[in-house]
Amino acid sequence: MLACLVLAISLATVSASEWSYPEAGAWPGACVDGLRQSPIDLDSSMEATVHADIKYRNYFNGVFNKHLKGKLINNGHTVVWSPSMDPAKLHGGKSWKYKCPSIRDGPFGGEKWSHAYFLWQLHFHWGQVGESDKGSEHTVDGKAYPLEMHMVHVEDRFIEADGTVDIAAAAEDPHGLAVLGIFFWVDPKKTQNQMPLEKIDNAAWKFHHQKRAMKEETDEEITEEKRAELEDNDHELNMRSLHHGLNKLHKESKLQKKRAVEGGEAMVKLNVGAFLRKATSNGKDKTMSTYFTYKGSLTTPACNEVVTWVVFARALPVAQVQINSFASLYPNNYREARAPTMDHAVQHLIHNQLGNH
């Protein structure tokens, strides 16, 4: 299973033993001479004028977010969360078309139809313990964030009837993959004793379910303040849940009396839609949320140029201790950003705040 996941996260036929961080010019394939390599540096001064909302399915249940239980696995290069018990398949199994979260429209839409992409997994890139100015793969105006999450989606043409993902085929098609990138920044106001979810599990999820069980409320009945409160609660729940899972990975490595280079898994619940609501929410100054999109590549060997990237401009707040829980596994698992070229066709687009979906 672990070998399968290593292959999955590299999304190529390159063995995990054949590459490592930093890149240092040693990675194979298109990594060396590709024309649309990722990640890139993004220019915040680029004007966002085109309104291009991404359409989401099965990420939300009205004003609330759907929570999914999945596996958190350390594969030695990153930490992967899969919303399926079998990382080779999508959430929902044979019913993936109706149950698995998916995206379309926005930069994925054409004149007559839109590519449809289904959520396969999340993974993360980070820097070192105690640092807050490096770790993300994409940068903005040359500056990095301490953590970046990639939400990997596979086009429906490469998904079999039982939900099995044909990742080899998707990694060879120019429209095979779509990845949503979300930055995280260290909020110094957050306390450093952020309690992992294992300590508040029952109370936290009971609180969440009580909110889901509230009377039906229309979008108009929820004020901006109430919406912000719901977003903050679900985001905090996500980060503490991840913190709990990472603690389990650390504990397993201690039991094995070795450094947490790879191995170990934990069951973790996430409200995947909460990340998107937070990233697309209006700022305090009521400015509309935006995202960068471009044609790029995988950021691991063999760096196939098959990804439609969406990187949200708004970063999400976390505590330094939550960043440290990633970086304590191993440091600096990110590829350096490069300058964008005309081939990347970078756009800066406006996205509506996600409301009653």
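Remark: pairs (first residue in segment 158-172, among the aromatic types (Phe, Trp, Tyr); second residue in a strand (DSSP E or B); Cβ separation under 7 Å; 6+ apart in sequence or on different chains) = Phe158/Val165. Among residues that are over 22 Å from Phe124 (Cα atoms), out of contact with any Asp or Glu (no Cβ under 6 Å at 6 or more places or on another chain) and at pLDDT 90 or above, Ser45 is included.
Does any residue of segment 68-81 turn out to be out of contact with any Gly (no Cβ under 6 Å at 6 or more places or on another chain) and farther than 30 Å from Pro301 by Cβ? Checked against the condition, which is being out of contact with any Gly (no Cβ under 6 Å at 6 or more places or on another chain) and farther than 30 Å from Pro301 by Cβ, segment 68-81 yields at least one hit.
Condition check ((1) within 16 Å of the chain's Cα centre (by Cα); (2) touching a residue at least 24 places away in the same chain (Cβ under 8 Å); (3) more than 21 Å from Asn352 (Cα to Cα)) across all residues:
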{"site": "Lys99", "(1), (2), (3)": "no, yes, yes"}
{"site": "Arg104", "(1), (2), (3)": "no, yes, no"}
{"site": "Phe108", "(1), (2), (3)": "no, yes, no"}
{"site": "His115", "(1), (2), (3)": "no, yes, no"}
{"site": "Trp120", "(1), (2), (3)": "yes, yes, yes"}
{"site": "Trp126", "(1), (2), (3)": "yes, yes, yes"}
{"site": "Ser132", "(1), (2), (3)": "no, yes, yes"}
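Of the strands (runs of 3 or more DSSP E) lying entirely inside segment 36-153, not one is found with 2 or more residues being under 29 Å from Arg227 (Cα atoms) and among the small types (Gly, Ala, Ser). Please go through segment 330-357 and give me each residue that is surrounded by 22 or more Cβ atoms within 10 Å (Cβ to Cβ) and touching a helix residue (DSSP H, G or I) at 6+ places or on another chain (Cβ under 7 Å), ordered by number. Those that are surrounded by 22 or more Cβ atoms within 10 Å (Cβ to Cβ) and touching a helix residue (DSSP H, G or I) at 6+ places or on another chain (Cβ under 7 Å): His351, Leu354. Residues in segment 332-357 that are assigned to a loop (DSSP other than H, G, I, E, B) and modelled with pLDDT of 95 or more: Asn332, Asn333, Tyr334, Arg335, Glu336, Ala337, Ala339, Pro340, Thr341, Ala345, Val346. Applying a threshold of 8 Å to beta carbon distances and a minimum spacing of six or more residues, or different chains, the list of pairs starting in segment 47-68 at a residue that is farther than 18 Å from Cys100 by Cβ and in contact (Cβ under 8 Å) with a residue 24 or more places away in the chain and ending at one that is of a type in the set (D, E, K, R) and assigned to a loop (DSSP other than H, G, I, E, B) reads Gly62/Glu216; Gly62/Glu217; Val63/Glu217.
Checked against (1) modelled with pLDDT of 90 or more; (2) more than 21 Å from the chain's Cα centre (by Cα), Thr299 passes all but a single condition, namely (2). Could you look through segment 278-313, keep only residues that are free of Cβ contacts under 8 Å to residues at least 60 places away in the same chain and surrounded by fewer than 21 Cβ atoms within 10 Å (Cβ to Cβ), and pick out the one that is farthest from Thr49 (Cα to Cα)? Among those that are free of Cβ contacts under 8 Å to residues at least 60 places away in the same chain and surrounded by fewer than 21 Cβ atoms within 10 Å (Cβ to Cβ), it is Lys284.
The values are calculated or read from the model by the stated rules, or taken from the named source; none is laboratory data. Being a predicted model, the structure only gives us computed values, none of them experimental. Reconstructed Cβ throughout: ideal geometry from the backbone, glycine too, with neighbour counts over all protein chains shown.
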